[in-house]
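As structure tokens, the structure follows; a few thoughts come after it.
Coordinate-derived values only; no laboratory data. Since the model is a prediction, treat every value here as computed from it, not as a measurement. We place every Cβ from the backbone using ideal geometry, glycine too, and count neighbours over all the protein chains shown.
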């Protein structure tokens, strides 16, 4: 049985939140274990779940469309692209 990557990411996120919440609940009783739970939960969220999610969602998309370039800034502002003026005398017929 093959699990979809969406469910794997969801499981990691839920497990990470559970570890963080558990760490805060036992903070008074066992601080070293609580700090480990909070730390592993944070690592699970930001170093495992987030990259997996971003990799899954960005498949087949062009990175150039999401970069802030002069061309994209003009598109956002609604201006037409400036065409360079030609100094070729033959083109002015």
*region 5-79 - percent relative contact order, Cα under 8 Å, separation 6 or more*: 30
_Cβ-derived FRET efficiency at R0 25 Å, residue 8 paired with residue 68, nearest 0.05_ = 0.20
*D for region 1-46, whole µm²/s, Stokes-Einstein with Kirkwood Rh over alpha-carbon pairs at 4 °C and 1.567 mPa s: what number?*
118
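Determine the shape class of region 5-79: with a ≥ b ≥ c the square roots of the Cα gyration tensor eigenvalues, call it rounded for a/c under 1.5, and otherwise prolate if a/b is greater than b/c, oblate otherwise.
Since a/c reaches 1.5 and a/b is larger than b/c, the shape of region 5-79 is classed as prolate.
How do 9, 43, 63 rank when sorted from fewest to most other Cβ atoms within 10 Å of their own Cβ? Kindly include the intermediate steps, with their values, before the conclusion.
Numbers: 9 20, 43 13, 63 7.
Placing the least packed residue first, the sequence is 63, 43, 9.
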